[in-house]
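Participant: Pasting a structure below so you can have a look.
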Amino acid sequence: MPMLPDPAQKYKPYTPLNLPNRQWPSKTFTKAPIWLSTDLRDGNQALVNPMTIEQKTNFFKEVVKCGVKQVEVAYPSASDTDFAFVRGLIEKNEIPDDVWIQVLTPAREDLIRRTIDSVAGAKLAILHMYNATSPTFRNVVFRNSKEQTIELAVKHTKLVRELTEECTQKYGTKFIYEYSPETFTQTEPDFAIEVCEAVKKAWGKAGLGDERIIFNLPSTVEIAPPNHYADQIENFCNKISEREKIIVSLHPHNDRGTGIASAELGVLAGGDRIEGCFFGNGERTGNVDLVNLALNLYTQGIRPNLDFSDLQNTIDVVTACNDLPVPARYPYAGELVYTAFSGSHQDAIKKGFEAQRARHEECRAKGEPLMWDIPYLPIDPADLGQTYEALIRVNSQSGKGGIAYLIKQHLHLDLPRKMQVAFYQVVQEVSDREAREMTVDDITSIFRRAYHFGSSYKGRLSLRNFKISALSGTEKPKPTSDTDPESEEDDSQRRFDGTVSVDGTYRVIRGSGNGPLSALLNALRTHLDLDFAIREYSEHTINDVDEGENARAATYVELVPASDRKATQSWWGVGVDSDIARSGLRAVLSAVNSAIADGREISELALGFQPKSSGPEDVASVIVNQLGLELPRKFQKTFFEVVQRKALEAGGEISINGVTQLFKDTYNYQNEGPTKVALDSFKLDHLDGHRRALSGSFTFFGGSPRTISGSGNGPLSSLLAALHTQIFGTLSIRDYWEHSIGEGSEVRAASYVELVYEVEDEASKKSKSSAWGVATDTDITASGVKAVLNALNDLEIALKN
């Protein structure tokens, strides 16, 4: 049946209350009300599958942990399960001394007796009795007159008084009495007051403090706007006698979707207490949500007396117990409530955080409160145990500001505005193509891929090592562009001498310029035919909270073709490093990688023995075939750089025999020439446990033999300890590998050592260098010792005397 064109033919409007001097509209909140959780009673009875005793116990513990001091735990006379649950709480001492448990009963003698039996022995209990008072229930459901309705309430109130006094005398349980004129909002206002007056008189002992009687005025079914409920509450509070002896309790339902408003306006109208459920569970559309109400107060700077510092845990407990999900857009608790997809919202939030950060610094200095003021966020998610990770999420509607915020939050990169625009276009292309939300992982992965940011996202070019040095001469280089960040450094040219990986092959390149970046660009132009210029440059420090060794520099570079500095096409790059020069070089290579991602050809360097196709593995093949040495991978790369430099000097040509001889000369392998440190003989002794002691005769720089000794956990650490007695600084082994050569009686051991040498000069400046050493011997210990000494001979060591 369709909706009626004239609903007035079927539905009656509510009857407004004539309250000409209403006061609640001009009042404001100053404190939190008394909270009662009815999750275990009103909430539980509304579930398709009511909670088990274990679930109810877990729920009870959670609401108590959050600070609720009054909990309606059951309708004990309704089932043995509810009765047993209440008894279990009492007998297992689950109820804190300052928590009141509340139990509900209708106005029936047998059920009242059963209900009071359920709480016998509890320290604090609220006995909650109700009977319906509205015309529909009086005339249709119960067929009672007004007088009979009042008599029913009075008769059973007297019984409650008698039985609770007996229980108190026998078990020591302290009681508060609560009475509900059920369907209050649909009851004639004056009749509701008449019933409550009669109940108060029958109770006969309403006093102050904990002696007050509770009148619960439920919006059992929400049938009018929240302002009407407020009028009803104010009217009741104005007309009921002995108002100071009464706690006016509100019990709004949410049939019209205004349960929160009804509760809040009801408090302004005089309500003292609110009965509700966590996240709004309850019959039909649910009870009013206590979490929502409490956090509304919190955002107004009013202490709610409930603690949701770990809101997600509360959500997890509640949903596990009642099997009802919290909707994604639910106030404060929903998955998306702190999330902005809109570009304008994201930009406002980003700017809000930046402004607040500066404002809070000023307030800290003045000793003033750090007030929260962020667009679109009425509460700080961190107060609820939430992170800022979900504040900004990206889809096709998102803007550059939100995307930049995510990059700053998760990668600590504060992108220049033009780079924000460039990256925004990259993300939008992916988002439009895939037609879905871009997660934080998606965004950061797209960024890393686009700008080759991180060791797992290398482009075609990557920096292996480099050296920046000043060139001799007085010629000042011409600025490469108006925005050259290095054009005003000083009058001396810089030289870049380094090794880059080009499509997996190492290339030694060299160039000069006004500074490290222009020198690198010159090297790329000279050796790889990649001709670019810098149009924009910026940098900042990240992790600068440490203000020390952990601080890193982030550099951003925009490159354009050197032949067209006003080109519309450009490429951005980013680099991060603890060294500012290396950070800038990484940024340049990042941008170059973006420029050459289309697969353009890069000029190759011919290596003489295998032109245009050689790599570290080819050099390693020569050595293993000529000398039987299986170089470890790191050693392969190191020696390959040596070969490349030699090839450069020889015009790109070097023979296989030349590579072999170069290896022998470089690493003093099988050479009998003079060395810095020579070993005449040594002896290795075993000490306690795994300790070893090495002593031997050594010659330093061609001098007289010296007998030295040292101890360590093995032969090589013992050797280093012995050497430390003769040289300044510290030696350490960074890499070690060994294998056998030959077979049978001809077998020998081959050892490879990467030795690191750290020394401090007269100005207390530390320097660090390293070198590889290789040696073979029939004795594996001797092989390792000789490899260390061969590496040592390639270092600039300082002898003590």
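The values are calculated or read from the model by the stated rules, or taken from the named source; none is laboratory data. Because the structure is predicted, anything quoted here is derived from the model rather than measured. Neighbour counts run over all protein chains shown; Cβ positions are idealised from the backbone, glycine included.
Participant: Can you find a residue that is surrounded by fewer than 16 Cβ atoms within 10 Å (Cβ to Cβ) and closer than 25 Å to Asp310 by Cβ anywhere in the range 98-116?
Facilitator: yes
Participant: Follow-up. So for the range 776-789 (the condition being in a strand (DSSP E or B) and touching a strand residue (DSSP E or B) at 6+ places or on another chain (Cβ under 7 Å)), does at least one residue qualify?
Facilitator: yes
Participant: Out of the range 639-662, which residues are in contact with a strand residue (DSSP E or B) (Cβ under 9 Å, 6 or more places away or on another chain) and crowded, with 20+ Cβ neighbours inside 10 Å?
Facilitator: Filtering the range 639-662 for residues in contact with a strand residue (DSSP E or B) (Cβ under 9 Å, 6 or more places away or on another chain) gives 639-641, 644-645, 647-648.
Scanning the range 639-662 gives Phe639, Phe640, Gln644, Ala647.
Participant: Residues in the range 734-767 that are surrounded by fewer than 18 Cβ atoms within 10 Å (Cβ to Cβ), touching a residue at least 40 places away in the same chain (Cβ under 8 Å) and of a type in the set (A, V, I, L, M): how many?
Facilitator: The qualifying residues number 1.
Participant: Report whether or not Ile468 is in contact with a strand residue (DSSP E or B) (Cβ under 6 Å, 6 or more places away or on another chain), at pLDDT below 75 and β-branched (Val, Ile, Thr).
Facilitator: In short, no.
Participant: Suppose the filter is among the hydroxyl-bearing types (Ser, Thr, Tyr), within 47 Å of the chain's Cα centre (by Cα), buried (at least 21 other Cβ atoms within 10 Å of the Cβ) and modelled with pLDDT of 90 or more; does Ser590 pass it?
Facilitator: On the way: among the hydroxyl-bearing types (Ser, Thr, Tyr): yes; within 47 Å of the chain's Cα centre (by Cα): yes; buried (at least 21 other Cβ atoms within 10 Å of the Cβ): yes; modelled with pLDDT of 90 or more: yes.
The answer is yes for Ser590.
Participant: Taking the conditions exactly as written (aromatic (Phe, Trp, Tyr), outside any helix (DSSP H, G or I) and at pLDDT below 90), does Trp737 satisfy them or not?
Facilitator: Spelling it out, Trp737 is indeed aromatic (Phe, Trp, Tyr), outside any helix (DSSP H, G or I) and at pLDDT below 90.
Participant: Within the range 340-358, restricting attention to residues that are among the hydrophobic types (A, V, I, L, M, F, W, C) and surrounded by 14 or more Cβ atoms within 10 Å (Cβ to Cβ), which residue is nearest to Leu370 (Cα to Cα)?
Facilitator: Within the range 340-358, the match that is nearest to Leu370 (Cα to Cα) is Phe353.
Participant: Tell me which residues, restricted to the range 47-80, are surrounded by 15 or more Cβ atoms within 10 Å (Cβ to Cβ), assigned to a helix (DSSP H, G or I) and not hydrophobic (A, V, I, L, M, F, W, C).
Facilitator: Hits for the range 47-80 are Gln55, Lys56, Thr57, Asn58, Glu62, Pro76, Ser77.
Participant: A further question follows. Hey, does the range 646-653 have a residue that's without any contact (Cβ under 8 Å) to a residue 60 or more places away in the chain, assigned to a helix (DSSP H, G or I) and either out of contact with any Leu (no Cβ under 9 Å at 6 or more places or on another chain) or on the phi > 0 side of the Ramachandran plot (or both)?
Facilitator: Kept after step one, since they are without any contact (Cβ under 8 Å) to a residue 60 or more places away in the chain, are these residues of the range 646-653: 646-647, 649-653.
When the remaining residues are screened for being assigned to a helix (DSSP H, G or I), the result is 646-647, 649.
Among the residues that remain, those that are also either out of contact with any Leu (no Cβ under 9 Å at 6 or more places or on another chain) or on the phi > 0 side of the Ramachandran plot (or both) are: 649.
Yes: one or more hits.
Participant: When residues of the range 123-154 are filtered for being closer than 16 Å to Ser180 by Cβ and in contact (Cβ under 8 Å) with a residue 12 or more places away in the chain, how many remain?
Facilitator: 15
Participant: Confirm whether Lys205 is modelled with pLDDT of 95 or more and either over 48 Å from the mean Cα position of the chain (by Cα) or farther than 26 Å from Lys69 by Cβ (or both).
Facilitator: In short, yes.
Participant: Kindly check whether there is at least one residue in the range 669-677 that is touching a Phe, Trp or Tyr at 6+ places or on another chain (Cβ under 7 Å), within 23 Å of Pro632 (Cβ to Cβ) and part of a loop (DSSP other than H, G, I, E, B).
Facilitator: yes
Participant: Are there any pairs with C-beta distances below 6 angstrom linking a residue in the range 91-105 that is within 11 Å of Ser118 (Cβ to Cβ) to a residue that is basic (Lys, Arg) and surrounded by fewer than 22 Cβ atoms within 10 Å (Cβ to Cβ), with the two at least 6 apart or on different chains, and if so which?
Facilitator: From the range 91-105, no pairs qualify.
Participant: Suppose we filter Glu275, Glu335, Glu283 for residues that are assigned by TED's automatic domain parsing to the domain that holds Val71 and assigned to a loop (DSSP other than H, G, I, E, B); which single one remains?
Facilitator: Answer to the check: Glu283.
Participant: Looking at the range 593-634, which of its residues are closer than 25 Å to Val774 by Cα, outside any helix (DSSP H, G or I), at pLDDT 70 or above and under 43 Å from the mean Cα position of the chain (by Cα)?
Facilitator: Listed by number, the list holds a single entry, Pro632.
Participant: Do we find a residue being in a helix (DSSP H, G or I), surrounded by 20 or more Cβ atoms within 10 Å (Cβ to Cβ), among the hydroxyl-bearing types (Ser, Thr, Tyr) and assigned by TED's automatic domain parsing to the domain that holds Glu222 anywhere in the range 310-331?
Facilitator: yes
Participant: Hey, another quick one. Checking the structure you have, find out if any residue of the range 120-142 is part of a helix (DSSP H, G or I) and within 51 Å of the chain's Cα centre (by Cα). Let's see the steps before the verdict.
Facilitator: Filtering the range 120-142 for residues part of a helix (DSSP H, G or I) gives 135-141.
Of the ones still in play, those that are also within 51 Å of the chain's Cα centre (by Cα) are none.
No, the conditions are met nowhere in the range 120-142.
Participant: Just to check your reading of the model, which residue among Thr57, Thr81, Thr115 is at pLDDT 95 or above and over 24 Å from Thr314 (Cβ atoms)?
Facilitator: Matching residue, one of Thr57, Thr81, Thr115: Thr115.
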